[in-house]
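The numbers here are math on the coordinates, done by the rules we state, and not lab data. Nothing here was measured: the structure is a model prediction, and the numbers come from that model. Cβ atoms come from the backbone with ideal geometry, glycine included; neighbour counts cover every protein chain shown.
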Amino acid sequence: MEAIVAVYADWGIGAKGTQPLVIPADRKRFRELTDGCAVIVGRRTMEDFPGGRPLKGRVNLVLTRQDIAIEGAAVAHTPEEALAAARNYDRCFVIGGDSVFRQMFPHLSRVFVTKIESTPHSDVFFPDLDADRAWRCVAEEPRAEHNGVGYRFCVYERI
Ligand SMILES: NC(=O)c1ccc[n+]([C@@H]2O[C@H](COP(=O)([O-])OP(=O)(O)OC[C@H]3O[C@@H](n4cnc5c(N)ncnc54)[C@H](OP(=O)(O)O)[C@@H]3O)[C@@H](O)[C@H]2O)c1
């Protein structure tokens, strides 16, 4: 299972239910990588998408404990149910948020990380893969900048 995440310099990933600083090139890369794939997403993160709707062009597997139907998405009530549904697709990305990353972390073997060289206040964090000896960075693109903020696309794999 793969994940994709944008982290700030402290591995923060968001505050008050949203991402305080967004890099357009990161959003573009997210779209390109996940296009045509399945994504596992928490109900709260889905509500932070444009219009609070599932992502177009992807199979959205939305985790919720509620007995609800979501137009344009398949609902999963447990992580196991989401993982089972994901097996029906060639490629599936875990795309957050915090609670979903945490619960899916043991199943992850590759993570596409956008490292953003800024530290806006975060109240949720992704595990620091640089500090975890079970993970190594296997690919790193050259540093780029947006409005004076540096960022870098990296790929980590579980050893
Ligand atoms: N930087 C990034 O790349 C990135 C990416 C995505 C999100 N984020 C950030 O992550 C934060 C949101 O994370 P979050 O943890 O608050 O929300 P979340 O993980 O997106 O969604 C939480 C919801 O998922 C459902 N859920 C979670 N575990 C479940 C389980 N075991 N079984 C069934 N349903 C389950 C529940 O929905 P119900 O309440 O409906 O039951 C729960 O309230 C935001 O700050 C967002 O900006 C950052």
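Phi angles of the range 110-116 translate, via the Karplus equation with coefficients 6.51, -1.76, 1.60 and θ = phi - 60°, into HN-Hα couplings of 9, 10, 8, 10, 9, 9, 9 Hz per residue; Gly and Pro are given as x. Taking every DSSP helix (H) stretch of at least 4 residues in the chain, weighting each as -39,500 (n - 2.57) and dividing the sum by the residue count yields a mean residue ellipticity at 222 nm of -5000 deg cm²/dmol. Counting only DSSP beta bridges with both residues in the chain, the antiparallel share comes to about 45 percent.
Relative to the Cα centre, the charge distribution of the chain, modelled as +1 at Lys and Arg Cβ and -1 at Asp and Glu Cβ, gives a dipole magnitude of about 220 debye. Between the range 22-55 and the range 66-109, the alpha-carbon centres lie 13 Å apart. Converting phi to 3J(HN,Hα) with the Karplus coefficients 6.51, -1.76 and 1.60 and the offset θ = phi - 60°, the range 135-151 yields 10, 9, 7, 9, 7, 8, 8, x, 4, 10, 10, 9, 6, x, 9, x, 8 Hz in sequence order, with x at every glycine or proline. A full extension of the chain between Glu117 and Ala15 corresponds to an added length of 35.1 nm, given 0.36 nm per residue minus the alpha carbon distance. Note on the chain: dipole from Cβ charges, positive end direction compared against Ala85, Gly42, Val100; the farthest Cα belongs to Ala85.
Applying the criteria of a DSSP loop state and at most 12 other Cβ atoms within 10 Å to the trypsin sites (Lys or Arg not before Pro) of the range 25-81 yields Lys56, Arg65.
Legend: calculated FRET efficiency, Arg110 to Val22, from the Cβ-Cβ distance at R0 = 22 Å, rounded to 0.05, equals 0.45. Potential lengthening of the chain between Glu80 and Phe125 amounts to 13.9 nm, from the contour at 0.36 nm per residue minus the alpha-carbon distance. For Trp135, the residues 5 or more places off, or on other chains, whose built amide H falls under 5 Å of its own are Ile159. Would you mind checking the tilt of helix 24-34 against the longest principal axis of the Cα atoms of the chain, expressed as 0 to 90 degrees and rounded to 10? Here the helix axis deviates by roughly 40 degrees.
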